[in-house]
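Reading through the structure tokens given below for one structure.
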Amino acid sequence: MNNGNLLLMASSNVVLWQSFDYPTDVGLPGAKLGRNKITSLNRRFVAKKSLIDMGLGSYILEMDTNTVLRLRRRKPPVVVYWSWSSGQLAYTLVPLLNELLDMDPRTKALLKPAYVHNNEEEYFTYTSLDESASVFVSIDITGQFKLNVWSQPKMSWQTIYAEPSDPCNLHDVCGPFTVCNGNSVPFCGCMESFSPNSPRDWDAGDPIGGCIRDTPLDCSTGKQKNTSSMDMFHPIARVTLPLYPQRVEDASTQSDCEEACLHDCTCIAYSYNGNRCSVWHGELRSVNQNDGIDNYSENVLYILKVLRKNNKRRPRVVTTVSVVISFGLLMLMLLLTIWINKSKWCGAPFYGGQGSDGGIIAFRYTGLVRATKCFSEKLGGGGFGSVFKGMLGDQTAIAVKRLDGAHQGEKQFRAEVSSIGMIQHINLVKLIGFCFEGDKRLLVYERMLNGSLDAHLFQSNATVLNWSTRYQIAIGVARGLCYLHQSCSECIIHCDIKPENILLNESFVPKIADFGLAAIVGRDFSRVLTTFRGTVGYLAPEWLSGVAITPKVDVYSFGMVLLEIISGRRNSPEVFASNSYHGAYFPVRAINKLHVGDVRSLMDPRLHDDFSLEEAERVCNVACWCIQEIESDRPTMGEVVRTIEGLQELDLFPMSRLLAAII
């Protein structure tokens, strides 16, 4: 639909399913947030887990059974941040929103919120008053509800309002042992002597796992202990105090309060304020910095800082010091040796900060060496390098593309990474991260368990794909290319579409790979000149002439892939006699057979005639349109998708002059 609602309809025009009923984390104009009293359908917003994990996250906005609109945590402990009853929605929230929208020139006369309550439904919604404007609401990973408006001058989405305005106001938004500061980016940080529990999740925008102590406490000797000079506290000033304090009644001074905590092995923090001593055991949660937004706390929290390994919180003897120092010197020498030979060392993985937009992860080279077992298992190769099988420490299967002999500078490399970091589509391989160290440039992708399409089509020992799977692969690849050409902020030309670059996941869903070969052009340009050449057998004629290229080169390559999906064989056998070219080149044969209505003879014999002839004829006709010599005669990928799906018809293709000459 024009409003962005995806409908699944029966032939009688009855709506079977619609995306507006399951809005996930985004609400478009016209979408409803609330309940259907008859069907019990509850339309709710649920935050995604992270920038790279689209699963269910930690926060939910819903209309509960008591007709209360509330923002809450999805998982225990269930904490409600704010709520509005039905009466407040109608008479308080909606007028307040209208007033706020009218006060801002960016939103004045842009949209209109509404609350609807009748015998069938109760919901909150909004409509767009300006059809030329682009606007949506969303619930963020960290629970903020935001109004986003597209800014044409800035060519980006702008967040106009956020509720709560201070993200730190949400309950335990950063997880344990963190300090939240609404003025910082990112606003979550670990306490001193603590590090992220899951660096990968933090880099992907999901800090809810919090932080862990760099050097763990050791209370194996029991709860009581003697005071040690190595036990010290680090002050964190101007913060809200953590949840669940315990009061120490007999501590009348700050020194007494500190001493009480020191003598309890499980005590990790204390605060003394107004003759009141509070101590904490276990995890410290909801510690928020005075950021001047909604938090003006002047409290000081003192957390235990561990300065030595295996802290037992008891006096050390001189012998222990000597052993530790000797061991430290030995480790220093060992680490120095390893550093000198690091190019040969399979080291531990390191997840750095976000190397570019999109929450992708910056990997250390030694980490990828270890993840790939020193690049020992090669999955394939392409124009810019080789791809290796790998496994991260959390058992995530990865494919590491090592750009052998790459001539890109850091700026160009990071620009390429940035261009693909935010691209999310079911038919595109997801970029997990990258590595840039010295002359080493690598891209880290999710690994597809069923390998590439060429193995299933051309290898004799591979599982034969049935027609239904092949047909869905054709549709999926077409959709992925259509997204790259028409739906990204920049038109992305892949330039090397071939079965080797079409990967299959565990359910044989196709995903286009190898964006490192893509040429990127701005929307204000229809053509781009490039010195790159794709793969022989899939090259459009304009590649060979050296003229400017357009997205139609991908259309041509896709047509060649379609023919190989149909036949289960290469279009151009590697070895054939010059006088047998006419019979060996499959596209020529396909053109002849389609014109005489004999598509059945083109099909892969391993299908044993188990296929839909209507679908096969449709795919074959689209393929022949795609490989037209003149690029303007080829359809766009949007037209290809609609035609393969049976939503649009193409006439029988005209005979290409080049192919006519071959015939």
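The values are calculated or read from the model by the stated rules, or taken from the named source; none is laboratory data. All figures in this text were calculated on a predicted structure; none of them were measured in a lab. We place every Cβ from the backbone using ideal geometry, glycine too, and count neighbours over all the protein chains shown.
Residues that are touching a Gly at 6+ places or on another chain (Cβ under 8 Å), small (Gly, Ala, Ser) and in contact (Cβ under 8 Å) with a residue 12 or more places away in the chain are absent from segment 95-116 altogether. Here 160, 141 are screened, and the one residue that is part of a loop (DSSP other than H, G, I, E, B) and either under 23 Å from residue 32 (Cβ atoms) or touching a residue at least 12 places away in the same chain (Cβ under 8 Å) (or both) is 141.
Any chance segment 166-176 includes a residue that's free of Cβ contacts under 8 Å to residues at least 12 places away in the same chain and either surrounded by fewer than 22 Cβ atoms within 10 Å (Cβ to Cβ) or part of a strand (DSSP E or B) (or both)? Give the derivation first.
To start, the set of residues in segment 166-176 that are free of Cβ contacts under 8 Å to residues at least 12 places away in the same chain comprises none.
No.
Condition first: over 32 Å from the mean Cα position of the chain (by Cα), surrounded by 13 or more Cβ atoms within 10 Å (Cβ to Cβ) and assigned by TED's automatic domain parsing to the domain that holds residue 36. Can you find one or more residues in segment 99-107 that meet it? Checking segment 99-107: at least one residue is over 32 Å from the mean Cα position of the chain (by Cα), surrounded by 13 or more Cβ atoms within 10 Å (Cβ to Cβ) and assigned by TED's automatic domain parsing to the domain that holds residue 36. Name the pairs: first residue in segment 1-22 and in the same structural domain as residue 41 (by TED's automatic domain parsing), second residue basic (Lys, Arg) and surrounded by 11 or more Cβ atoms within 10 Å (Cβ to Cβ), Cβ to Cβ under 8 Å, at least 6 apart or on different chains? Hits for this filter: 20/32; 20/43; 21/43; 22/43. Looking only at residues in segment 501-515 that are crowded, with 21+ Cβ neighbours inside 10 Å and over 20 Å from residue 622 (Cβ atoms), which one is modelled with the lowest pLDDT? Within segment 501-515, the match that is modelled with the lowest pLDDT is 515. Looking at the structure I just gave you, is residue 398 at pLDDT below 85 and assigned by TED's automatic domain parsing to the domain that holds residue 440? When the stated conditions are applied, residue 398 does not pass them. Each residue in segment 177-214 was checked for being surrounded by fewer than 14 Cβ atoms within 10 Å (Cβ to Cβ) and modelled with pLDDT under 90, and 5 pass.
Listed here are the residues, each with its yes/no results for (1) at positive phi; (2) of a type in the set (Gly, Ala, Ser).
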| position | (1), (2) |
| --- | --- |
| 23 | no, no |
| 26 | no, no |
| 48 | no, no |
| 57 | no, yes |
| 61 | no, no |
| 70 | no, no |
| 87 | no, yes |
| 99 | no, no |
| 109 | yes, yes |
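Within segment 53-78, the set of residues being assigned to a loop (DSSP other than H, G, I, E, B) and buried (at least 19 other Cβ atoms within 10 Å of the Cβ) is empty.
Take segment 572-619 and flag every residue that is part of a loop (DSSP other than H, G, I, E, B), modelled with pLDDT under 80, more than 15 Å from residue 560 (Cα to Cα) and not small (Gly, Ala, Ser). Result: 574, 575, 576. Of the numbered criteria (1) under 30 Å from residue 394 (Cβ atoms); (2) at pLDDT below 85; (3) not small (Gly, Ala, Ser), the one residue 232 fails is (1). Scanning segment 360-380 for residues that are closer than 10 Å to residue 400 by Cα and among the aromatic types (Phe, Trp, Tyr) yields one hit, 375.
Out of all the residues in segment 31-52, is one or more over 17 Å from residue 116 (Cα atoms), free of Cβ contacts under 8 Å to residues at least 24 places away in the same chain and either in a strand (DSSP E or B) or in the same structural domain as residue 131 (by TED's automatic domain parsing) (or both)? Checking segment 31-52: not a single residue is over 17 Å from residue 116 (Cα atoms), free of Cβ contacts under 8 Å to residues at least 24 places away in the same chain and either in a strand (DSSP E or B) or in the same structural domain as residue 131 (by TED's automatic domain parsing) (or both).
Selection of segment 531-560 for residues being modelled with pLDDT under 85, outside any loop (DSSP other than H, G, I, E, B) and of a type in the set (Ser, Thr, Tyr) yields only 545. The combined condition, being within 29 Å of residue 208 (Cβ to Cβ) and either surrounded by fewer than 20 Cβ atoms within 10 Å (Cβ to Cβ) or out of contact with any helix residue (DSSP H, G or I) (no Cβ under 6 Å at 6 or more places or on another chain) (or both), is fulfilled by residue 264. The residue of segment 457-482 that is surrounded by the fewest Cβ atoms within 10 Å (Cβ to Cβ), among those that are assigned to a helix (DSSP H, G or I) and without any contact (Cβ under 8 Å) to a residue 60 or more places away in the chain, is 468. For segment 9-41, the tally of residues that are aliphatic (A, V, I, L, M) and surrounded by 10 or more Cβ atoms within 10 Å (Cβ to Cβ) stands at 7.
Looking for whichever is modelled with pLDDT under 90 and within 30 Å of residue 287 (Cβ to Cβ) here; the options are 84, 157. Which one fits?
Values: 157 fails: within 30 Å of residue 287 (Cβ to Cβ).
Just one listed residue meets the conditions, 84.
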